[in-house]
Amino acid sequence: MKYVVTTDKDVDTVCREMETVVPEHQFGIVAVHDLQETMQKKGVEFDQAVKVFEICNPKKAKAVLEKDMDLAMALPCRMAVYEDAGQTKISMMAPAAMLKMLNPDPELEAVALEVESTFKAMMDQLK
């Protein structure tokens, strides 16, 4: 259901590299959420760096939405970069497992497996 890799790089380095790696795989970064910063703005102390990237390939998203508009709730895909116990980790929810729970259509599963494979390649390249 999830895929996690660990790297010796710091969070900021991985986040900078995402800006190059993601487009190399024909995906785009839609938004970046700095959860540490957001919590601090809300008065919640949180010492660990956590950034969540919303990543999308419009053609893949269109294929999913043409089959089932309800799946808009699962888009765009996300990848997190964070500190955990002194290590930098990159993680994602596996798109194929997630979409299968929401809609078992084999055509959707095929799209999700392609996206998942690409995300794993991006993450392995970033580590």
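Over the chain, what relative contact order in percent results from Cα pairs under 8 Å that are six or more residues apart?
Relative contact order, the chain: 34 percent.
Quick one: what do you get for the range 1-76 if you divide its Cα Rg by 2.2 N^0.38 Å? Write down the numbers at each step before the final one.
On the way: Rg = 15.2 Å, N = 76, 2.2 N^0.38 = 11.4 Å.
After normalising by residue count via 2.2 N^0.38 Å, the value is 1.33.
If each of Ala97 and Thr13 carries a label point 7 Å out from its Cα toward its Cβ, how far apart are those two points in nm?
The two pseudo-label positions are separated by 2.9 nm.
Name the helices (complete DSSP H segments) of the chain with a Cα length along the long axis of 27 Å or more and a Kyte-Doolittle mean of at least 0.0, or state none. Display every interim value, and only then the final one.
Working: long enough: 106-126 (30 Å, 0.18).
Within the chain the helices that satisfy the rule are 106-126.
Hand me the trypsin sites (Lys or Arg not before Pro) from the range 34-93 located in a DSSP loop with no more than 15 other Cβ atoms within 10 Å, in residue order please.
Values: sites: Lys41, Lys42, Lys51, Lys59, Lys60, Lys62, Lys67, Arg78, Lys89; in loops: Lys42.
In loop regions of the range 34-93 (DSSP not H, G, I, E or B), the sparsely surrounded trypsin sites (Lys or Arg not before Pro) are Lys42.
Give the aspartates and glutamates reachable from Lys9 as a straight Cα distance under 19 Å; neighbours fewer than 8 places away on the same chain don't count.
Cross-link targets: Glu17, Glu19, Asp34, Asp47, Glu83, Asp84, Asp124.
In the neighborhood of Met93, defined by Cβ-to-Cβ distances under 13 Å, what is the net charge if each Lys or Arg adds +1 and each Asp or Glu adds -1? It would help to have the intermediate numbers written out before the result.
On the way: positive: Lys2, Arg78, Lys100, Lys120; negative: Glu54, Glu116.
That sum, taken over residues with Cβ under 13 Å, equals +2.
I need the GluC sites (Glu not before Pro) found in the range 1-61, filtered to DSSP loop residues with at most 16 other beta carbons within 10 Å of theirs.
Working: sites: Glu17, Glu19, Glu24, Glu37, Glu45, Glu54; in loops: Glu45.
For GluC sites (Glu not before Pro) across the range 1-61 that sit outside H, G, I, E and B with at most 16 neighbouring Cβ atoms in 10 Å, the list reads Glu45.
Between Val50, Thr88, Met98, whose Cα lies farthest towards the positive end of the dipole of the range 2-119 when Lys and Arg beta carbons carry +1 and Asp and Glu beta carbons carry -1, centred on the Cα centre?
Met98
Lysines near Lys67 by alpha-carbon distance under 30 Å, same-chain residues fewer than 8 away left out - which ones?
Excluding near neighbours in sequence, the set is Lys2, Lys59, Lys100, Lys120.
Project the alpha carbons of the chain onto their principal axes and report the range along each, largest first, in whole Å.
Principal extents (Cα only, largest first): 42, 32, 23 Å.
Quote the charge dipole size of the range 59-117 about the Cα centre in Debye, to the nearest 20; the model charges only the Cβ of Lys and Arg (+1) and of Asp and Glu (-1). Can you show the working numbers first?
Details: 7 positive and 10 negative charges, 33 e Å.
Dipole about the Cα centre, nearest 20: 160 debye.
Between Glu66 and Lys127, what is the label-point separation in nm under the 7 Å Cα-to-beta-carbon projection?
3.5
What is the sum of charges, Lys and Arg at +1 and Asp and Glu at -1, for the other residues whose Cβ falls under 13 Å from the Cβ of Thr13? Show your work: numbers first, answer last.
On the way: positive: Lys9, Arg16, Lys51, Lys127; negative: Asp8, Asp10, Asp12, Glu17, Glu19, Glu83.
So the environment of Thr13 carries a net charge of -2.
Which cross-chain or sequence-distant (5 or more) residues have an amide H under 5 Å from the amide H of Ala49, H modelled 1.01 Å from N in plane?
Close amide H contacts, sequence-distant or interchain: Glu83.
Between Leu113 and Lys41, what is 0.36 nm times their sequence separation minus the Cα-Cα distance? Round to one decimal in nm. Before the final figure, lay out the partial values.
Working: separation 72, 0.36 × 72 = 25.92 nm, distance 3.72 nm.
The span from Leu113 to Lys41 would gain 22.2 nm if fully extended.
Read-outs throughout are calculated quantities, based only on the coordinates presented, and are distinct from any laboratory measurement. All values reported here derive from a predicted model rather than from experimental measurement. Quick reminder, even Gly has a Cβ in these numbers, built from the backbone with ideal geometry, and neighbours come from all protein chains shown.
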